[in-house]
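**Student:** Got a structure for you, written out below as structure tokens; questions coming shortly.
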Amino acid sequence: MKFKATFLILGLLVGTLPLWAGPQAVLSSLKGKVEVKAPGTKAWVAATEGQVLTPATTLSTGFDSSVLVVIDKTTIQVKPLTRMTIDKLVEESGTVKTSTFLRVGSVSASVKSAEGVKQDFKVQSPYSTASVRGTEFDFDGLRLKVREGLVALILGRPKRDTQPVEAVAETTTEETPAEGTAGEDTTGEDTTDEPAAEETDGEPAGEPEDDFVGSPDIAADDDNPVFVPAGDETKIKLNFNNPTERTRPSSSNDRESLSKESGTGSSQTTTNTPTTKAPTKGGVVLTIEFAR
């Protein structure tokens with residue numbers, strides 16, 4: 001009887017454990033103002049040490065703020081005035097596939113494989129994609145510095161590499177954030193009647209296309225990457241064919257807005273900088289410059 005009871009208890013315990021948790025993105029070494037916005041929500045919430053980010057969660061850092069995103073042996077150092085979304089984090093056939101979208105700011109990544117597990121890691125931006133399988137690099141969408149290994153740099157506007165997620169229901173009453181909060185709504189408009197973000201098939205909740213406003217309408221050429229080895233630095237230049245249509249890159253506008261939201265602008269006025277669409281395909285040419 002005791003023998004049977006022991007197996008019954010073990011069976012119940014095993015049944016309560018998750019069969020496979022999958023890879024996790026965990027926040028560590030928080031400094032300053034670090035906030036997260038869950039998929040399907042509008043509110044920015046203060047991040048916490050050890051917090052696990054689900055796919056489609058957006059991370060925002062303020063002035064003189066930073067955070068480390070730890071995915072097993074891989075780390076992503078998110079630097080000040082940065083907004084980054086975890087688009088994809090899955091394990092398939094012994095390979096951890098990680099895709100992040102860097103809307104503005106910069107990151108330093110150290111991509112390391114655990115024993116028996118390969119890494120397929122990429123950072124996408126409105127202008128380019130940095131794709132690696134084990135290396136260390138700094139990247140802000142327009143500049144790439146490779147410190148170790150090899151990075152495949154793909155020019156042009158990428159297709160967001162996302163995974164379907166369930167939107168998180170908005171359960172809290174969103175209050176007006178205090179001045180100087182990164183990620184706050186500073187337009188002064190009443191958004192209480194706006195519909196909640198809807199989940200789209202294969203994309204994070206919300207409207208990811210908004211993240212490309214202001215970027216050149218040049219599709220990424222995945223078949224022709226430029227391989228950048230350790231010790232090399234590259235800079236992506238936007239050469240406009242029509243000077244009358246020239247605009248600043250959207251990342252510049254975004255950085256100014258994020259800086260003002262963090263209370264670091266020339267004044268404490270927190271009006272968002274308007275973003276203007278850049279010329280369509282044919283009006284701008286992306287090129288790469290190497291510098292050691």
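**Student:** If packing is taken as the mean number of other Cβ atoms within 10 Å per residue, what is the order of 117-129, 85-97, 137-149, highest first?
**Tutor:** By packing density, highest mean first, the sequence is 117-129, 137-149, 85-97.
**Student:** Add +1 for every Lys or Arg and -1 for every Asp or Glu among the other residues with Cβ under 11 Å from the Cβ of residue 149, and state the total.
**Tutor:** Result for the neighbourhood of residue 149: +1.
FYI, it's all coordinate maths here, none of it is from the lab. The shown structure was predicted, so the numbers you read here are calculated from the model rather than taken from an experiment. All Cβ positions, even for glycine, are placed from backbone atoms using ideal geometry, and neighbour counts span all protein chains on display.
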